[in-house]
Amino acid sequence: RRVMEKKRSGVESPESGGRWFAENPIKRKTEIHYVYFSIFWILIFGAVVVTEMYKQFGDVGYMILAVIVCSPYIFYFIFFPLPEERNVPFFKRYFVKVNIWIAIFGYVGNYFWTHYFFTVLGSSYTFPIKFKLNDIPVCLYLITHAYFSFYHTVSNLILRRFWTSQFWPRSQPASLISSCILIFILCYIVAFMEAFTISAVPYYTHKDVRLMYLVGSIFYAIYFIVSFPMFYRIDEYRVEKREGKDKKPVSVWKCWSFSRAVIDSLGSAMLVFIILDLWRLFFGALGVGHAEETKNG
């Protein structure tokens, strides 16, 4: 919808093939870096899983791995800021707003929503780890930051590619319907692929694996159905300001404040919370939950 509005206002017009990376130079460079960061940690994480090195890990080993995979997103631009952001106040820098958005969303997901997997989908964690927060290994909070940073970078690229293409429908309700279909397919693929790829790790267990893949992936996709389009909006659009003596309209990037990023992430998390709980109320448990297993065991 926003892209359509920008087109009508003459501020932004779609390109024939669409754009992968943001037009905003700061956001574009950050996204490019994030793609490289993602390749880096996925290779490391993949090697640990394939070689089954993780079976030798304890609390310290898992924490070291977690810090390694999430550190590039968090620390790289602190030590190597983009030239365009050197004079920008720290909390107004794009990477800071992105990290706080992902950190809040990921924290709420781990601390609260993972228990829906236990009670609704019959899943459980059996990691040989003592360092936990609300029965969730602390290392997973950090690993989630890497996963979600990767997912939301990819979603930005894919959504932008479609939404800035001249072939994307501009009329309502075709644009809305097409966007809903695109987002659902993208989110389901992301959720399914995560469930499938981590199945090799024996510390993720499910009462019904097939149910987890097919139905659980829809449940997990709810996270991203909300978060992908919400996250996309950060520093994405232009606004017109009147500057100078003649007050001529000038197009500038509408950059979010740090507080807006915090509030937006919390709002997105609350919306996911509501939808997940409605699922629990209307559809109930699809398998024996973690809490019941613990009670019976």
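Quick one: in region 142-169, which of the residues that are in contact with a Gly (Cβ under 6 Å, 6 or more places away or on another chain), of a type outside the set (A, V, I, L, M, F, W, C) and not in a loop (DSSP other than H, G, I, E, B) is modelled with the lowest pLDDT?
Going through the qualifying residues, I end up with SER165.
So SER124 passes all but one of these: (1) touching a Ser or Thr at 6+ places or on another chain (Cβ under 6 Å); (2) part of a helix (DSSP H, G or I); (3) closer than 30 Å to LEU278 by Cβ. Which condition number does it fail?
For SER124, the failing item is (2).
Among the residues of region 79-97, how many are of a type in the set (A, V, I, L, M, F, W, C) and open to solvent by less than 100 Å² (accessible area, probe 1.4 Å)?
5
Specify the residue that is surrounded by the fewest Cβ atoms within 10 Å (Cβ to Cβ); the eligible residues are those in region 119-153 that are under 17 Å from VAL60 (Cα atoms) and among the β-branched types (Val, Ile, Thr).
THR126
Taking interchain pairs and intrachain pairs at least six residues apart, which have beta carbon atoms under 7 angstrom, with the first residue in region 211-222 and aliphatic (A, V, I, L, M) and the second open to solvent by 20 Å² or more (accessible area, probe 1.4 Å) and not in a helix (DSSP H, G or I)?
LEU211/LEU286; LEU211/GLY287; MET212/HIS206; VAL215/LEU286
What do you reckon, is TRP20 aromatic (Phe, Trp, Tyr), in contact with a helix residue (DSSP H, G or I) (Cβ under 6 Å, 6 or more places away or on another chain) and assigned to a loop (DSSP other than H, G, I, E, B)?
Taking the combined requirement at face value, the residue satisfies it.
Evaluate the following for PRO229: is it open to solvent by 40 Å² or more (accessible area, probe 1.4 Å) and touching a residue at least 12 places away in the same chain (Cβ under 8 Å)?
no
Consider THR114 carefully, then state whether it is in contact with a strand residue (DSSP E or B) (Cβ under 8 Å, 6 or more places away or on another chain), of a type in the set (S, T, N, Q), surrounded by fewer than 22 Cβ atoms within 10 Å (Cβ to Cβ) and in a helix (DSSP H, G or I).
Judged against the criteria, THR114 is a match.
The values are calculated or read from the model by the stated rules, or taken from the named source; none is laboratory data. Every value quoted in this text rests on a predicted model; they were computed, and no experiment measured them. Backbone-built Cβ (ideal geometry, glycine too); neighbour counts: all protein chains shown. These area figures cover heavy atoms from the full protein model, side chains too; ligands, DNA and RNA do not enter into them. Shrake-Rupley method; radii C 1.70, N 1.55, O 1.52, S 1.80 Å.
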